[in-house]
Amino acid sequence: MNPQNSLLISPQPLGRRPAAAALNRRPSVMVISHERSGTHFLMNALARAYDYAPGQRVDFDQGALNINYFEPPAVSGALGRLTALRPDAIIKSHHAVEFFDSVLDEVLKKTLIFYIHRDPAAVMISFWRFVKNWSWHEGPKRATAVEFAAAPPEGQLMRYQMNQRRTMLDRWAAHVEGWVNAARDRERIVVVRFDELKDRYEQTVAGFQGVLGPRSGSLVPPSRHTNVIAGKAADLLGQPDVEALRALALSEIGDAMRRLGYA
């Protein structure tokens, strides 16, 4: 199968079709995150404010693309083809930075990367509900969010990591710190905090003009119910023990949380 002919395209609208002039001045964009970190929130924000993705997105993290994700040059080559074929689409990925290894700077010549991260306790609760929602083995299905956070990664989510991690919390810390560290000397990796996007939406999204060019769309926040992937409803699983979860996170990955401003 030729990767150029096997794009997995979302049927859900992200924004209106950009004018030709807007496409010419905008860089290709990739949004990367650990799962349940506000991925679609950021994608919708970019689409609405900067006229990306006319009705579709490219899921880079699906097997339908027929990419050897464990060979960095293959990852870079596939991204080059995707950005040439669909310069107006937003490419989505949950892969750890190790998948880009020696080709990250080459990738950044083709696409601008936005990396969004979120408080680990909130991520674990959302991810626990998400995994519970599916019939297949997406990840560790545990009775409580605390047990989920303490479990080692397993199931289909393993496709996003190069090495096994001690717990789901350890997996979160490695993913976030890996990308944040990679961004330190690279202007074309834009790190976004979920809480900043949520609480200071207009200022945060308007600030992307420095890398995306003049804003051409709306600064009204997108709907929380459009172009999202929901987990199981909270009232079907009971209320998680947030205090116990946060205590576990601090004991497991406290140093990383402090470095990232979550403790």
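Within the span defined as segment 43-59, one or more residues are of a type in the set (Phe, Trp, Tyr), buried (at least 18 other Cβ atoms within 10 Å of the Cβ) and more than 18 Å from Leu169 (Cβ to Cβ).
Ser218 meets the conditions (1) polar (S, T, N, Q); (2) part of a loop (DSSP other than H, G, I, E, B); (3) touching a helix residue (DSSP H, G or I) at 6+ places or on another chain (Cβ under 7 Å); (4) at pLDDT 95 or above in every case but one. The failed one is (4). Put simply, of Arg81, Arg171 the only residue that is at pLDDT below 95, of a type in the set (D, E, K, R) and in a helix (DSSP H, G or I) is Arg81.
Any idea which of Met30, Met1 is farther than 25 Å from Leu219 by Cα and either assigned to a strand (DSSP E or B) or modelled with pLDDT under 85 (or both)?
Matching residue, one of Met30, Met1: Met1.
Counting only residues that are assigned to a helix (DSSP H, G or I) and at pLDDT 95 or above, how many does segment 132-155 have? Explain how you work it out, then say what you get.
Of all residues in segment 132-155, those assigned to a helix (DSSP H, G or I) come to 132, 145-150, 155.
Filter once more, keeping what is at pLDDT 95 or above: 145-150, 155.
Number satisfying all stated conditions: 7.
Count of segment 239-263 residues, restricted to those that are within 16 Å of Ala149 (Cα to Cα), in a loop (DSSP other than H, G, I, E, B) and free of Cβ contacts under 8 Å to residues at least 40 places away in the same chain, is 1.
Picking from residues in segment 84-110 that are at pLDDT 95 or above and among the β-branched types (Val, Ile, Thr), the one that is surrounded by the most Cβ atoms within 10 Å (Cβ to Cβ) is Val97. Screening segment 208-222 for residues that are over 18 Å from Pro87 (Cβ atoms) and under 19 Å from the mean Cα position of the chain (by Cα) and picking the one that is surrounded by the most Cβ atoms within 10 Å (Cβ to Cβ) gives Pro222. When you scan segment 71-82, do you find a residue that is in contact with a Pro (Cβ under 8 Å, 6 or more places away or on another chain) and of a type in the set (Ser, Thr, Tyr), even just one? No: zero hits.
Just one of the listed residues (Ala150, Ala143) is touching a residue at least 12 places away in the same chain (Cβ under 8 Å) and on the phi < 0 side of the Ramachandran plot, and it is Ala150. Checked against (1) buried (at least 17 other Cβ atoms within 10 Å of the Cβ); (2) among the aliphatic types (A, V, I, L, M); (3) at pLDDT 95 or above, Leu237 passes all but condition (3).
What about Gln164, is it loosely packed, with under 13 Cβ neighbours inside 10 Å and over 14 Å from His95 (Cα atoms)? Judged against the criteria, Gln164 is not a match.
Under the condition of being outside any helix (DSSP H, G or I), over 17 Å from Arg165 (Cα atoms) and either charged (D, E, K, R) or out of contact with any Pro (no Cβ under 8 Å at 6 or more places or on another chain) (or both), the residues counted in segment 92-123 number 11.
The values are calculated or read from the model by the stated rules, or taken from the named source; none is laboratory data. Keep in mind the model is a prediction, meaning the values are calculated, not measured. Backbone-built Cβ (ideal geometry, glycine too); neighbour counts: all protein chains shown.
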